[in-house]
Amino acid sequence: MAADRSLTRRGFLASAFAAAAMCTLETRDAFALGRTPTGGKVSFRVPWQLSSIDPHDVRDPAAALFSQAIFDTLFAIDGAQMPYPTLANSLPTREGAGTVLRIREGLRTARGTALDARDVIFSIERAIARGGLPLWADLPKPAAHPAERLAVVFGTADPVKLAKSLSSPLFALVPKSFNSQKPDGTGAFRAELKPSKLTLSRNPNAARGGSFLDSIEVESAPDLKASLRQFEAERDDVGWLGLGLFGGRKGSRKFDLGTLGYVVLMIGTEAGSAGGIGAAQTLANAFGAERIGHLGLGTLPAGAGSPAWTGPKTDLLVDETATHLVEVASTLAPLLSNPGHEVSVLTVARSEIQKRRGKAALMLDLARPLLPGPLGTFVSLANAYDPVKAQELYRKPPKNLASSARQLAAGLEVGVIGEVRAQGGVIAEVNLTKNAVMDSWDLGASYRRKPGK
């Protein structure tokens, strides 16, 4: 059964539907997948940069939105939280050489690059270096099999633990020649990046079956209003975060397919006594719906406490390419500021965000979910501040983890401001589909009906 699920996108989705794990926007459209319409184009815009997409970069907003449409992982997690093979031939097995993982024969990327064990090793090592360290707790360095070009050896690693870690979106398989400005994978879509524009077209080499749609065109919006303006004017098929800027578009409907990432506030060592475990979440709790509800950060609770910053006069660091985060930071800074404790927004390169992590007095960032469920969220939030601590938490997680991201963050050095959600409005012809297990969308399984159907 597990092997069958790895063969095609349609086969995978059929299994998910049979298990009632798939959720679509309209239940009446959950008809036999053999009759799912193919073809058509969808267009929309998002308030994020689209100059590069790196599935292994835990801080990449574009990857949070689109990585799973372009790349596949070696394994996936089913509804029972157990791994099954997707690009792998089977679950890892214990053999004389150690724990061996074999990938499927004939895997090719969207641009036609043949994949083998060397690409697996490259992808894993790259992912660990860019944010996947917490999930590699107690797992050994991968090594080429001495006799098989499609096999990788992982010492005496536990097969199930290895497969679970490799099911994370952060461990997507890419070729050794990978370039984030020309992203290439085995997913449902082939990606083409131009300045401020991403074009996703059906991947003829897709390992699990190509997309139902012919293409998706996404443009980078300069602010949160641009997408709503274009959707309301009937120029786009999807309205990011709403049904329109001034009024709801006629015939459209809402969609909400889950969390793509968390907007987190971090208080580093330069804050002195204003920092510490729980301090960032206490501050974040003050920014309730009445203060930041217009920023499209999911469902927010009412504010609790004061948002006044008590640390030294400082900058609030934010990634200069993350339009949405910059807009959030520009709203937060005046709320934080008070006489003698002024806070200003400072936009910096993403590399500077990485360099100042854990040190900068105030920093706003994005935390991508690493795995489904509360443990995945907990480790993801911890990883935003301290990957080594996150690794320890993954190795020995607390018992009875809370389900709320805000509650989880209360025991960390980060505070959850809100969520980046796959949420907004969509025209009647387009059906956007929820991922079977991860709290996210599945663009490869989304489709467009012909008018009148």
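Throughout, read-outs are computed from the coordinates displayed, never taken from laboratory work. Predicted model, so just to flag it, every value in this text is computed and none were measured. Glycine gets a Cβ as well: all are built from the backbone with ideal geometry, and neighbour counts include every protein chain shown.
Do any chymotrypsin sites (Phe, Trp or Tyr not before Pro) in the stretch 184-264 lie in a loop, going by DSSP, with at most 15 other beta-carbon atoms within 10 Å of their beta carbon, and if so which?
PHE246
Once phi is turned into θ = phi - 60°, what whole-Hz ³J(HN,Hα) does the Karplus curve with 6.51, -1.76 and 1.60 give for every residue of the stretch 308-317, x standing for Gly and Pro?
Whole-Hz 3J(HN,Hα) from phi for the stretch 308-317: 5, 6, 10, x, x, 4, 7, 9, 9, 7.
R0 = 22 Å: FRET efficiency of THR156 with MET82, Cβ-based, nearest 0.05?
Result of the calculation: an efficiency of 0.55.
How big is the charge dipole of the stretch 92-224 about its Cα centre, in debye rounded to the nearest 20, if each Lys and Arg gets +1 on its Cβ and each Asp and Glu gets -1 on its Cβ?
About 200 debye.
Could you give the length gained by full extension between ALA97 and ASN179, i.e. 0.36 nm per residue of separation minus their alpha carbon distance, to one decimal place?
Fully extending the segment from ALA97 to ASN179 adds 26.3 nm.
Give, in nm to one decimal, the length gained when the segment between ARG149 and LYS359 is fully stretched (0.36 nm per residue of separation minus the Cα-Cα distance).
Gain on stretching ARG149 to LYS359: 71.2 nm.
According to a simple spin-label model (label point 7 Å from Cα along Cα-to-Cβ), what is the distance in nm between GLU290 and ALA402?
Each label point is offset 7 Å from its Cα along the Cβ direction, giving 2.1 nm.
Straight-line reach only, C-alpha to C-alpha below 27 angstrom: list the lysines that LYS225 could link to, leaving out same-chain residues fewer than 8 apart.
LYS41, LYS194, LYS197, LYS250, LYS254, LYS434
For the stretch 290-296, just list the computed ³J(HN,Hα) in residue order, Karplus coefficients 6.51, -1.76 and 1.60, θ = phi - 60°, integers in Hz, with x standing in for Gly and Pro.
Ordered by residue, 3J(HN,Hα) equals 5, 9, 10, x, 7, 8, x Hz.
Projected onto the charge dipole of the chain (+1 at Lys/Arg Cβ, -1 at Asp/Glu Cβ, origin at the Cα centre), which of ALA333, ALA157, GLN49 gives the Cα projection farthest towards the positive end?
ALA157
Lys and Arg at +1, Asp and Glu at -1: add these up for the other residues within a Cβ distance under 14 Å of ALA147 and post the number.
Summing Lys/Arg as +1 and Asp/Glu as -1 gives -1.
Out of the DSSP beta bridges found with both residues in the stretch 259-421, what percent are antiparallel (nearest 5)?
Expressed as a percentage, antiparallel bridges in the stretch 259-421 total about 60.
For the cross-link pairs LYS176/LYS396; LYS355/LYS399; LYS359/LYS396, which exceed 29 Å when the distance is taken from alpha carbon to alpha carbon?
LYS176/LYS396; LYS355/LYS399
Based on Cβ point charges of +1 for Lys and Arg and -1 for Asp and Glu, what charge dipole magnitude is obtained for the stretch 205-312 about its Cα centre, in debye rounded to the nearest 20?
Charge dipole, the stretch 205-312, about its Cα centre: 280 debye, nearest 20.
Cross-link partners among aspartates and glutamates for LYS313, C-alpha distance below 18 Å, same-chain residues fewer than 8 apart left out?
GLU270, GLU342
Using just the helices of the chain, give the 222 nm mean residue ellipticity in deg cm²/dmol: DSSP H runs with n ≥ 4 each add -39,500 (n - 2.57), and the total is spread over all residues, rounded to 500.
Per the formula, -6500 deg cm²/dmol.
Would you mind working out the magnitude of the charge dipole of the chain relative to its Cα centre, with +1 at each Lys and Arg C-beta and -1 at each Asp and Glu C-beta, to the nearest 20 Debye?
920
Using the Cβ atoms and a cut-off under 11 Å, what net charge is assigned to the surroundings of ALA360, where Lys and Arg are +1 and Asp and Glu are -1?
My count for the surroundings of ALA360 gives 0.
Pull out a ≥ b ≥ c, the square roots of the eigenvalues of the alpha-carbon gyration tensor of the stretch 306-430, then state rounded if a/c is under 1.5, prolate if not and a/b is larger than b/c, and oblate in the remaining case.
Since a/c reaches 1.5 but b/c is at least a/b, the shape of the stretch 306-430 is classed as oblate.
Could you work out the pair-distance distribution P(r) of the chain from its alpha-carbon pairs, with 10 angstrom bin width and percents rounded to whole numbers?
4, 21, 31, 26, 13, 3, 0
Find how much the distance from SER196 to LYS313 grows on full extension, using 0.36 nm per residue of separation minus their present alpha carbon separation; answer in nm with one decimal.
Length gained between SER196 and LYS313: 38.6 nm.
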